[in-house]
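Undergrad: If you scroll down you'll find the structure; I have some questions about it.
What follows draws every value from the coordinates through simple rules; no lab data is involved. Predicted model only: the values in this text are computed from it and were never measured. Using ideal geometry, Cβ is built from the backbone for each residue, glycine included, and neighbour counts are taken over all protein chains shown.
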Amino acid sequence: MDNRDSTRIRKRSVLISGHATSVSLEEAFWCELKHIARREGRSLNSLVTDIDNRRSGNLSSALRLYVLDHLKSQG
């Protein structure tokens, strides 16, 4: 993925506790969220639901911060 693709905003539908919602994130964050979910043996919807349940701000920001925290803890 080149830099232009990774910074492009993508709007995707996800299910949070059985309810569909749309979330806009840069492609790089979507890719990393999918990697995290796959490594944990769970669906992307399940991961997003857990993040949503713990957030205090908007969902897009919470997802970005989750990815950042996850990557920082890895290394």
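Undergrad: So which residues in segment 56-73 are touching a helix residue (DSSP H, G or I) at 6+ places or on another chain (Cβ under 9 Å), within 18 Å of HIS35 (Cα to Cα) and among the polar types (S, T, N, Q)?
TA: SER60
Undergrad: What residue, among those in segment 52-75 that are surrounded by 14 or more Cβ atoms within 10 Å (Cβ to Cβ) and under 22 Å from THR7 (Cα atoms), is farthest from the chain's Cα centre (by Cα)?
TA: HIS70
Undergrad: Out of the residues in segment 19-55 that are in contact with a helix residue (DSSP H, G or I) (Cβ under 8 Å, 6 or more places away or on another chain) and part of a loop (DSSP other than H, G, I, E, B), state the one that is farthest from ILE9 (Cα to Cα).
TA: Looking at the filtered set, the residue picked out is GLU40.
Undergrad: Six or more apart or on different chains, Cβ under 6 Å: which pairs go from a residue in segment 53-67 that's more than 14 Å from GLU26 (Cα to Cα) to one that's small (Gly, Ala, Ser) and in a helix (DSSP H, G or I)? Could you list them?
TA: Hits for this filter: ARG55/ALA62.
Undergrad: Moving on to the next point. Please specify each residue of segment 1-49 satisfying the condition of being exposed (fewer than 15 other Cβ atoms within 10 Å of the Cβ), of a type in the set (Asp, Glu) and either under 14 Å from VAL67 (Cβ atoms) or in contact with a Phe, Trp or Tyr (Cβ under 6 Å, 6 or more places away or on another chain) (or both).
TA: If the condition is that a residue be exposed (fewer than 15 other Cβ atoms within 10 Å of the Cβ), of a type in the set (Asp, Glu) and either under 14 Å from VAL67 (Cβ atoms) or in contact with a Phe, Trp or Tyr (Cβ under 6 Å, 6 or more places away or on another chain) (or both), then GLU40 is the only one that fits.
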